[in-house]
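Written out below as structure tokens is the structure these notes cover.
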Amino acid sequence: MSPMGWEALGQWGEDATRLEPLAGGVANDVWTVRVDGHLAVGRLGTRSDADLAWETELLRYLDRAGLTVPVPIPATDGRLFADGLVVMTYLEGGPPETPADWRRVAAALRELHRLTRGRPQRPGWRSSTDLLRAETGTKVDLGAMPPEGVARCRAAWARLAGRRTSVVHGDPNAGNIRMTARQVGLIDWDEAHVDVSDLDLVLPGNAAGLDHPEYDIAAQASAAWEAAVCWDDAFAVRRLAEVRAV
């Protein structure tokens, strides 16, 4: 965490208060907060200012374009983050439960992809196809993986060649979706980066309706990505086991 820690929340006003911790993954400390009398979400981490600028600008753009996303709340001096802390609007809703819910999620993800073609890569990140040559990128260090595992991951990513790229959410699991009757909200943009759009569309019941070859390519590449990003916890080992041998 940054040296300031949660003291940085004071930059959102004298009455800004931290309330309760939220499950926000291992990379960040995520809490509900009260800012200016409203419930919001605060996320404290160690990302660079360039990384946070990319993410906060993306969320503001998507909000203006009509997607339901957490919107960064400026500090009193107008900054969208300070000392590793980002404060965002709180989204109501629950996880997708039915096949129809997941089809709505697929539609929201496709709209994200349509809106973000040609956007620059998140600073310091690599796409899955970049990792055919690069060894490292943000959370990925292929040098830490067994060489045979790296070969399997790269074979899976090589099949993505020539496919359309955009910003991908990066982790559209049920816990990162807030649905109501009217809207599909996508939260936790910590893994968002520019990559092959289909990586977001490996959804339960193939809700995105990819044909079999496309689904297989995306599912293999997605399993390889999650293995590389998380290496070497039990989840990563399990995901690597799903990537076929070369």
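Points worth noting:
- Residues being more than 22 Å from ASP190 (Cβ to Cβ), of a type in the set (A, V, I, L, M) and outside any loop (DSSP other than H, G, I, E, B) - total across the range 115-168: 6
- Whichever residue in the range 179-207 is of a type in the set (S, T, N, Q) and out of contact with any Phe, Trp or Tyr (no Cβ under 6 Å at 6 or more places or on another chain) and, among such residues, is surrounded by the fewest Cβ atoms within 10 Å (Cβ to Cβ): THR180
- Counted residues, the range 198-241 - those being of a type in the set (Asp, Glu) and either assigned to a helix (DSSP H, G or I) or touching a Leu at 6+ places or on another chain (Cβ under 8 Å) (or both): 5
- Among the residues of the range 140-178, those that are touching a residue at least 60 places away in the same chain (Cβ under 8 Å), within 18 Å of the chain's Cα centre (by Cα) and crowded, with 16+ Cβ neighbours inside 10 Å comprise VAL140, VAL167, HIS169, PRO172, ILE177, ARG178.
- Residue list for the range 127-139, filter: of a type in the set (Ser, Thr, Tyr) and surrounded by fewer than 18 Cβ atoms within 10 Å (Cβ to Cβ): THR136, THR138
- Selection from the range 106-126 of residues that are farther than 21 Å from ASP232 by Cα, out of contact with any helix residue (DSSP H, G or I) (no Cβ under 8 Å at 6 or more places or on another chain) and surrounded by 15 or more Cβ atoms within 10 Å (Cβ to Cβ): ALA108, GLU111, GLN121
- Some residue of the range 180-189 being modelled with pLDDT of 95 or more and farther than 18 Å from ASP63 by Cβ: yes
- Verdict on GLU191 being of a type in the set (Asp, Glu) and more than 17 Å from ALA161 (Cβ to Cβ): yes
- Residue that is surrounded by 23 or more Cβ atoms within 10 Å (Cβ to Cβ) and either over 30 Å from THR32 (Cβ atoms) or more than 20 Å from the chain's Cα centre (by Cα) (or both), where the choices are ALA227, ALA223: ALA227
- Selection of strands (runs of 3 or more DSSP E) fully inside the range 16-105 by the criterion of at least 3 residues being surrounded by 15 or more Cβ atoms within 10 Å (Cβ to Cβ) and on the phi < 0 side of the Ramachandran plot returns 29-35, 38-44, 85-89.
- In the set (1) at pLDDT below 95; (2) within 30 Å of GLY205 (Cα to Cα); (3) charged (D, E, K, R), GLU55 fails one condition alone, (1).
- Flag for ASP195 being charged (D, E, K, R), outside any helix (DSSP H, G or I), under 30 Å from LEU44 (Cα atoms) and at pLDDT below 95: no
- Among the candidates GLY162, GLY185, GLY209, the residue that is in contact with a strand residue (DSSP E or B) (Cβ under 7 Å, 6 or more places away or on another chain), of a type in the set (Gly, Ala, Ser) and not assigned by TED's automatic domain parsing to the domain that holds THR32 is uniquely GLY185.
The values are calculated or read from the model by the stated rules, or taken from the named source; none is laboratory data. What you are looking at is a predicted structure, and each value in this text was computed from that prediction instead of being measured. Neighbour counts run over all protein chains shown; Cβ positions are idealised from the backbone, glycine included.
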